[in-house]
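Visitor: Okay, handing you the structure first.
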Amino acid sequence: MNILNPKISQKIMNAIFILSGIATLLILIIILGYILVKGLPVVNLEFLLGEPIDSGESGGIFPMIISSIYVVLIAAVIATPLGVGAAIYMSEYATNQKIIKFIRFGSETLASIPSIVFGLFGLAFFVVFLQLGWSILSAGLVLAIMAIPTIFQVAEVTLTSIPDSYKEGSYGLGATKWQTIYSVVLPAAIPGIITGVILAMTRAISEAAAVMYAVGSALTVPISIFDPGRPLPLHLYVLATEGISLDNAYGTAAVLVIIVLVLTIITNFVVDRYQRKMMGR
């Protein structure tokens, strides 16, 4: 016996879902608004293009921006082909269910490991064992390992959602399996793959714990990938926890938020244009 009329229960659930969406949006607006209100007054050309003075108490964050770009580019270049390649194998080639379950279990486990553990692994393996030292390269490799599960999982879901009719049409024209994957499946899956890469990179660009043991903490602009650096999240962490300058900490946080927002907006625009082009609009 139903306690509530179906129409009433439907209205109640609709209201709950709408309120949940509004609450999520409000939390996002409050967090971003607070950071931007506190940080934007600090942000100017001198802050963006200057070098830190007195350990960041004054001056700018230009070396930190360059360090962040280097680290994220290295992570993207390494993690993207590995993650997408693993997803292609899982969706197109893997047939042994035990191997499939093992790979998925490994990916889920890797994604759930705390970032500080990745940082300690980077210190022990890349910095000490491989003797790469505290460098941009060591930090990029750590972030690449962190990014692989996200790229792999999103790419696999995207690839498996491609209609079989696409592949059947390609096979009907005499294409091989690899030609079908390269010419039909991957182009159709590019929007989803790009989304996975951006999700992974936005997480990577905001990681402090994962890179603090691998990148060093140099306040100068890194010339090569073998130089130490200090990415934006690590600089923010140092400024805030050591009480060096809360104003500059808020300014750094505002720049970090703006970078993530810009990357997200540009990615959505590019993906939307690509999808329209693929659909002939």
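Visitor: Given the DSSP H assignment, sum -39500 (n - 2.57) over each helix run of at least 4 residues in the chain and divide by its residue total; what's the result at 222 nm in deg cm²/dmol, nearest 500? Please report the intermediate quantities before stating the final value.
Guide: On the way: 11 runs with 191 residues, N = 281.
Per the formula, -23000 deg cm²/dmol.
Visitor: Residue-wise, which Karplus ³J(HN,Hα) couplings in Hz belong to region 165-177, taking 6.51 cos²θ - 1.76 cosθ + 1.60, θ = phi - 60°, and x for glycine or proline?
Guide: Here the 3J(HN,Hα) series is 4, 4, 5, 4, x, 5, 5, x, 8, x, 6, 7, 4 Hz.
Visitor: To continue, here is another question. Determine, for each peptide in 13-26, 70-83, the mean count of other beta carbons within 10 angstrom over its residues, then list the peptides with the highest first. Write down the numbers at each step before the final one.
Guide: On the way: 13-26: 10.1, 70-83: 20.9.
My ranking of the peptides, most packed first, is 70-83, 13-26.
Visitor: Contact order normalised by length for the chain, with contacts defined as Cα pairs under 8 Å and 6 or more residues apart; what percent is it? If you can, show how the numbers build up before the last one.
Guide: Values: 363 pairs, mean separation 78.2, N = 281.
Reported relative contact order: 28 percent.
Visitor: Still on this structure, please answer the following. If you stretched the chain out fully between T95 and L48, how much longer would it get, using 0.36 nm times the residue separation minus the C-alpha to C-alpha distance? Please list the in-between numbers first.
Guide: Numbers: separation 47, 0.36 × 47 = 16.92 nm, distance 5.17 nm.
Separation in residues times 0.36 nm, less the Cα-Cα distance, equals 11.8 nm.
Visitor: Scanning the chain for GluC sites (Glu not before Pro) in DSSP loops with at most 14 other Cβ atoms within 10 Å, what's the longest stretch left with none?
Guide: Values: sites that count: E57, E242.
Result, exposed sites excluded: 58-241.
Visitor: While we're on this one: Just the number, please: carbon plus sulfur as a percent of the accessible area of the chain, 1.4 Å probe, no ligands or DNA/RNA counted. All intermediate terms of the calculation are to be shown ahead of the outcome.
Guide: On the way: 11070 of 15890 Å².
Result for the chain: 70 percent of the exposed heavy-atom area is carbon or sulfur.
Visitor: Rounded to the nearest 10 degrees, what's the angle between the helix 136-160 long axis and the longest principal axis of the chain, both from Cα atoms, 0 to 90?
Guide: It works out to around 20 degrees.
Visitor: Give the lysines whose C-alpha is closer than 28 Å to that of K101, dropping any in the same chain fewer than 8 places away, or say none.
Guide: Filter leaves K167, K177.
Visitor: Along the charge dipole of the chain, which of Y213, L48, Y34 sits closest to the positive end, that is, farthest toward it, with unit charges on the beta carbon of Lys, Arg, Asp and Glu (+1, +1, -1, -1)?
Guide: With unit charges placed on the Cβ atoms, the residue in question is Y34.
Visitor: Quick check: from the Cα gyration tensor, does region 1-137 come out rounded (a/c under 1.5), prolate or oblate? Could the numbers behind the result be given before it?
Guide: Details: a/c = 2.99, a/b = 1.20, b/c = 2.49.
It is oblate, given that a/c is not under 1.5 and a/b is not larger than b/c.
Visitor: Another question, then. Where only protein heavy atoms count, and the probe is 1.4 Å, what is the accessible area per residue for the chain in Å²?
Guide: On the way: 15890 Å² over 281 residues.
Result: 57 Å² per residue.
Visitor: To continue, here is another question. Give me the tail of P(r) for region 4-54 as a percent: Cα-Cα pairs with distance above 15 Å. Walk me through the intermediate numbers first.
Guide: Numbers: 868 of 1275 pairs.
I get 68 percent for the Cα pairs in region 4-54 exceeding 15 Å.
Visitor: Tell me, how many Å apart are the Cα centres for region 25-69 and for region 139-157?
Guide: 27 Å
Visitor: Kirkwood hydrodynamic radius, computed over distinct alpha-carbon pairs, for the chain: how many Å, to one decimal?
Guide: Values: mean 1/r = 0.0467 Å⁻¹.
It works out to 21.4 Å.
Visitor: Amide H to amide H, which residues 5 or more places from G50 or on other chains are under 5 Å from it, using H placed in the peptide plane?
Guide: Under 5 Å from the amide H of G50: G60, I61, F62.
Visitor: Please compute the Cα-Cα pair-distance distribution of region 81-125 with 5 Å bins starting at 0, giving whole percents from short to long.
Guide: The percentages, shortest bin first, are 5, 19, 21, 20, 16, 11, 8, 1.
Visitor: Now for a different question. State the Cα centre-to-centre distance between region 175-195 and region 214-254 in whole Å.
Guide: 39 Å
Visitor: Let me ask something additional. Loop only per DSSP, at most 16 neighbouring Cβ atoms within 10 Å: give me the chymotrypsin sites (Phe, Trp or Tyr not before Pro) in region 174-239, ordered by residue number.
Guide: Details: sites: W178, Y182, Y213, F226, Y237; in loops: Y213, F226.
Sparse-neighbourhood loop chymotrypsin sites (Phe, Trp or Tyr not before Pro): F226.
The values are calculated or read from the model by the stated rules, or taken from the named source; none is laboratory data. Please read all numbers here as calculations on a predicted model, not as lab measurements. Cβ atoms come from the backbone with ideal geometry, glycine included; neighbour counts cover every protein chain shown. Note: accessible area is taken over every heavy atom of the protein model, side chains too, but ligands, DNA and RNA are not part of it. Shrake-Rupley method; radii C 1.70, N 1.55, O 1.52, S 1.80 Å.
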